[in-house]
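The values are calculated or read from the model by the stated rules, or taken from the named source; none is laboratory data. As the structure is a computational prediction, the values presented were derived from the model and not from experiment. We place every Cβ from the backbone using ideal geometry, glycine too, and count neighbours over all the protein chains shown.
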Amino acid sequence: MKRLDHIWNQTNLTMSTKIRVYSTCVLAVLLYGSKTWTLTQTDWKRLDSFHTRCQRRMLHIRWYDFVSNNKVLRRTGLLAASSIVCKRRLGLFGHVARLTEEVPANQILRTCCEAQDGAQPSPDWKRACGRPPITWINQICRDTGISVTDALQLAEDRSF
């Protein structure tokens, strides 16, 4: 982002051009692989903070200008970083859910969904000791606000 300061400071470039450069060069690197991330609340805050700071730099808004983050997002027309990550994650979930049942990725997704609903993958399986980690399936449930089984059915029943 810092290396692009010469672009942000140019007055002959329109804001839409600067936003396209930001989306292409900065957001692509920042959110690379975000489809598979599981983030804590602290990670979400740091991600959104960086995203907003970058937009403020593009718009030449300083901290003492007292412009809210929502106004910054409205001026640039971009979504919050957390919304972009959720959208990408749900896109991958839907893609894998609609794969044929012979594909290993679909088989793994279905096994994880069954485990999320309480079914054991095999009779001798035991959960590891300690606090369970935040899994990708948990993130899908948080993103959609519904159970993973319902999300799987919605993804399969997608109409074009």
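One residue is enough: does the range 63-86 have a residue meeting the conditions in the same structural domain as ARG20 (by TED's automatic domain parsing), outside any helix (DSSP H, G or I) and β-branched (Val, Ile, Thr)? Checked against the condition, which is being in the same structural domain as ARG20 (by TED's automatic domain parsing), outside any helix (DSSP H, G or I) and β-branched (Val, Ile, Thr), the range 63-86 yields at least one hit. Against the definition (within 21 Å of ILE134 (Cα to Cα) and either surrounded by 15 or more Cβ atoms within 10 Å (Cβ to Cβ) or of a type outside the set (Lys, Arg) (or both)), how does THR42 come out, yes or no? So THR42 passes the test. Among the criteria (1) within 14 Å of the chain's Cα centre (by Cα); (2) more than 26 Å from CYS141 (Cβ to Cβ), the one ASN70 does not fulfil is (1).
Take THR100 and decide whether it is assigned to a helix (DSSP H, G or I) and more than 26 Å from ALA28 (Cα to Cα).
no
Only one of the numbered conditions (1) at pLDDT below 90; (2) within 27 Å of PHE50 (Cβ to Cβ); (3) not in a loop (DSSP other than H, G, I, E, B) is violated by LEU90, and that is (1). For residues in the range 47-77 being of a type in the set (A, V, I, L, M, F, W, C) and closer than 13 Å to VAL26 by Cα, which is surrounded by the most Cβ atoms within 10 Å (Cβ to Cβ)? That would be MET58. Among the residues of the range 107-146, just one is among the polar types (S, T, N, Q), over 19 Å from TRP37 (Cα atoms) and either at pLDDT 90 or above or surrounded by 14 or more Cβ atoms within 10 Å (Cβ to Cβ) (or both), namely GLN107. For the range 1-43, a residue qualifies if it is small (Gly, Ala, Ser) and in contact (Cβ under 8 Å) with a residue 40 or more places away in the chain, and the qualifying residues are SER23, SER34.
The residues of the range 18-44 that are part of a helix (DSSP H, G or I) and in contact with a helix residue (DSSP H, G or I) (Cβ under 9 Å, 6 or more places away or on another chain), listed by number, are LYS18, ILE19, VAL21, TYR22, CYS25, VAL26, LEU27, LEU30, SER34, LYS35, THR36, TRP44.
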